[in-house]
Structure formats: C-alpha cells, structure tokens
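Q: Before I ask anything, let me first share the structure, which is written out below as structure tokens.
The values are calculated or read from the model by the stated rules, or taken from the named source; none is laboratory data. These numbers come from a predicted model, not from an experiment. When we count neighbours, we look across all protein chains shown, and the Cβ atoms used for this are built from the backbone with ideal geometry, even at glycine. Accessible surface areas use protein heavy atoms only, side chains included; no ligands, DNA or RNA. Shrake-Rupley method; radii C 1.70, N 1.55, O 1.52, S 1.80 Å.
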Amino acid sequence: MNNIKSDSSRLPRWYFGGLASAGAAFITHPLDLVKVHLQTQQHGKIGFVGQTVKIVKTEGFFGLFNGLSASLLRQLTYSTTRFAIYGKIKQQISPQGQPISFGQKLLTASFAGAAGNLVGNPWDMVMVRMQNDVKLPMDKRRNYKNVFDGLVRVMREEGVRMLFSGLYWNTARSVMMTVGQLCIYDQIKQMLLETGHFSEGLALYFTASFTAGAISTTMTQPVDVLKTRSMNAKPGKFRTPLHLIKYTAEVDGAKAFYKGFVPRFVRLGPFTVLIFVFFEQLRINFGFDPPVVEKE
C-alpha cells in the first residue's frame, strides 16, 4: 500500500507530456494520416479500409508515414507546452499534489491548450499538407522533403502568416482537446480512485484515458474537420470561419462535419491511452516527490 501511495503522490517533470505524446504519435501516425485523407475528400465514398489500401498501393507501406517528422515535432512542441503549463499551474495550486477542483482543471486545461497551439500550429500545418500530398495529382503536389523543408518553403513561397493558417480552428480544437484529455482524464482518474475499486496501475490508466479519448474525439471532431480543410485550402479561399462552415455544409452536407469520425476515434482512442500510460510510467519511475511540509 505504501508503494501505491508513493506512486500516486509523485509529480511529473515538465517535459514528460511531450515525450509521452511523441511516442504515442509515432505508433498511431498511420491512423491519423488516413483520417486526414477521409476529411479532405469531396464527394468521396471511400471508407477507412479502402483509403488505407489506396495509399499503400500508390505510395507503398511507408506512404502511411508521410508527415511523421512534422507530427513528432508538433508533439514535442505543442504537447510539451500544454502538459508543462497544465502541470505547473496544478503544482502551484496544490504543491502537495492533492486533487484540485474540476473548475480549476477546466480553466487550467483551456489556457494550456490555447498556449500549446500557438507553439504547435506551424508544425501541424506542415504535417497536414505532407499527409494530404499523396492524394493530389503529381503536378500539384508540394513534395516537401521533410518538416523543415516544408517550413522554409511555406515562409518563402507564401509568407510566415501562412504557417498560422487554421489558427482559429486549431486553437478551438486544442482547447477542447486539452480539456477532453488532461482535465477529463484527471477527473475520471480521481473519481475511479475514490470508488475504492481502483488503485494506481494499468487498469486505472486505461479506463480513465480510454474514456477521456472517447469524450475528446466527440467534442473536437467538427472543429478538426474545419481545421484540416482550412490548412489545406489555398490562400484566400475562405474569407471567414463562417464562410468555411457554410461552404462545407453546402458542398458535402452536415455529415461532413463528422467525416472521418471512426478512424479518428480508432486513432485518438489508442493515442490517448498510450499518452497516459507512457506519461504515468515516466511520472512513477522518473518523477519527483512533492516537497515536504515541515510541521510547526
């Protein structure tokens, strides 16, 4: 029991979230790539399996890993920032690692998600383009060699501002995603521990993270579709966020806002589970104990 108590009270280091997220992103990247293809097809009827087969046939097996370098760098920037801010504020509110209120978690996660997106948006924009490149005609492909080549070419050919295309949708998505993952995960984990039927361990982490993944997928799916389309659009195609919403609804119908939901959940569910399983193992094995409060 003492070991469980010690595991529960250990605090994470600021960079654990980025490392855990990068590991999870590496494993689930092919699912994310297929999801992007499904979201950007217009008038398309190709499903998850069909899209996967199509990518492998045209680009080979490693075509499923297009944009991986951008995905990893995004997690090492975006997720490191949001986990670090969320964890630091929590530690400031509760230095001994005791649970904070749901309202405090909600506000902290929202702020952390918005801040993380400002750092991660350029990488995300390049990642989406690299993932979507294989479905374009040969003469229209951007053919970025890697994420850094993509960043340089976007700045040179389209301007620095283009790196922040989709910022509105990505920030909204990031806030909801961070609430759905960090805040909801923390809350569900706390509730499960309070039932007395769970203790620190894989069963607790899996149950809490899988539930958080399902909730965050449902919350963010429409925004994720709009973000993906905004980032793939040519400069000036959509005048305002409302224009993008109207265009999507008129061209593809209301169902377009949940296009790619199944592969996204298939990806985001395991992705969220892997993040927190990795994160908790890093916290338990390489974290630090809260400061000792001396009694007067």
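Q: Which length gain, in nm to one decimal place, applies between VAL251 and ASN143 when the Cα-Cα distance is subtracted from 0.36 nm times their residue separation?
A: On the way: separation 108, 0.36 × 108 = 38.88 nm, distance 2.78 nm.
Separation in residues times 0.36 nm, less the Cα-Cα distance, equals 36.1 nm.
Q: Across region 90-99, in residue order, what do the Karplus-derived ³J(HN,Hα) couplings come to in whole Hz, using 6.51 cos²θ - 1.76 cosθ + 1.60 with θ = phi - 60° and x for Gly and Pro?
A: Those phi angles translate into 4, 5, 5, 6, 9, x, 8, x, 6, x Hz.
Q: Sticking with this one: Any chance you could tell me what percent of the C-alpha pair distances in region 208-296 go past 21 Å?
A: On the way: 2055 of 3916 pairs.
Of all Cα-Cα distances in region 208-296, 52 percent exceed 21 Å.
Q: Counting heavy atoms of the protein chains only and a 1.4 Å probe, report the per residue accessible area for region 220-266 as a whole number of Å².
A: Values: 2360 Å² over 47 residues.
Each residue of region 220-266 exposes 50 Å² on average to a 1.4 Å probe.
Q: Considering only THR52, THR80, THR272, give the residue with the highest GNM mean-square fluctuation for the chain, with springs between Cα atoms whenever their separation is below 10 Å.
A: Checking each option, the largest mean-square fluctuation is seen for THR52.
Q: How are the Cα pair distances of the chain distributed, in percent, across 5 Å bins from 0?
A: Final binned percentages: 1, 6, 11, 16, 18, 15, 12, 8, 6, 4, 2, 1, 0, 0, 0.
Q: Mind checking the angle between helix 202-232 and the chain's longest principal axis? C-alpha axes, 0 to 90 degrees, to the nearest 10.
A: Its long axis makes an angle of about 30 degrees.
Q: Sticking with this structure for a sec: In whole percent, and with a 1.4 Å probe on the protein chains, what portion of the accessible area of the chain is carbon and sulfur? All intermediate terms of the calculation are to be shown ahead of the outcome.
A: On the way: 9360 of 14340 Å².
After summing per-atom areas, the C and S share lands at 65 percent.
Q: Between 0 and 90 degrees, rounded to the nearest ten: what's the tilt of helix 241-252 against the longest Cα principal axis of the chain?
A: Roughly 60 degrees between the two axes.
Q: Mind giving me the FRET efficiency for ILE100 and ALA214? R0 is 25 Å, r the Cβ-Cβ distance, nearest 0.05 is fine. Could you put the intermediate results ahead of the total?
A: Numbers: r = 23 Å, r/R0 = 0.94.
Once rounded, the FRET efficiency stands at 0.60.
Q: Could I ask something else about it? Using +1 at the C-beta of Lys and Arg and -1 at the C-beta of Asp and Glu, which of ASN232, LEU192, GLY166 has the Cα lying farthest in the positive direction of the dipole of region 140-296?
A: Sorting the options by dipole projection puts first ASN232.
Q: Given the options SER9, LEU68, VAL34, identify the residue whose Cα lies farthest towards the positive end of the charge dipole of region 1-150 (+1 on Cβ of Lys, Arg; -1 on Cβ of Asp, Glu).
A: The listed residue farthest towards the positive side: SER9.
Q: Give the long-range amide H neighbours of LEU11: residues separated by 5 or more places, or on another chain, with amide H under 5 Å away, using H modelled in the peptide plane at 1.01 Å from N.
A: The answer is PHE288, ASP289.
Q: Which value, in debye to the nearest 20, describes the size of the charge dipole of region 174-296 about its Cα centre when Lys and Arg Cβ atoms bear +1, Asp and Glu Cβ atoms bear -1, and nothing else is charged? Could you put the intermediate results ahead of the total?
A: Numbers: 13 positive and 10 negative charges, 224 e Å.
Using Cβ point charges on Lys, Arg, Asp and Glu, region 174-296 gives about 1080 debye.
Q: While we're on this one: Using label points projected 7 Å from each Cα along Cα→Cβ, tell me how many nm separate ARG153 and GLN190, to one decimal.
A: Modelled inter-label distance: 4.7 nm.
Q: Helix 48-59 versus the longest principal axis of the chain: what angle, 0 to 90°, nearest 10, using Cα atoms?
A: The helix 48-59 is inclined about 60 degrees to the chain.
Q: Would you compute, from DSSP H runs of 4+ residues alone, the mean residue ellipticity of the chain at 222 nm, taking -39500 (n - 2.57) per run and dividing by the full residue count, rounded to the nearest 500?
A: Computed mean residue ellipticity for the chain: -22500 deg cm²/dmol.
Q: Among 180-186, 261-267, 70-76, how do they line up by average Cβ neighbours within 10 Å per residue, starting with the highest?
A: On the way: 180-186: 25.4, 261-267: 20.4, 70-76: 23.6.
In decreasing order of mean packing, 180-186, 261-267, 70-76 become 180-186, 70-76, 261-267.
Q: Quick check for region 11-164: number of Lys pairs with alpha-carbon distance under 24 Å, counting only pairs 8 or more apart or on different chains?
A: Going through region 11-164 pair by pair, I get 19.
Q: Right, here's the next one. What number, in percent, do you get for the relative contact order of region 118-270 if the mean sequence gap of Cα pairs under 8 Å and at least 6 apart is divided by its residue count?
A: Working: 132 pairs, mean separation 37.6, N = 153.
Value for region 118-270: 25 percent.
Q: Would you kindly give the portion of the calculated P(r) for region 53-187 that falls above 18 Å, as a percent of all Cα pairs?
A: Details: 5450 of 9045 pairs.
Considering region 53-187, 60 percent of its Cα-Cα pairs are separated by more than 18 Å.
Q: Please pull out the direction-averaged projected area of region 126-244, using the convex hull of its alpha-carbon atoms, in nm² to one decimal place.
A: On the way: hull surface 38.5 nm².
Averaging across all directions leaves 9.6 nm² for the Cα convex hull.
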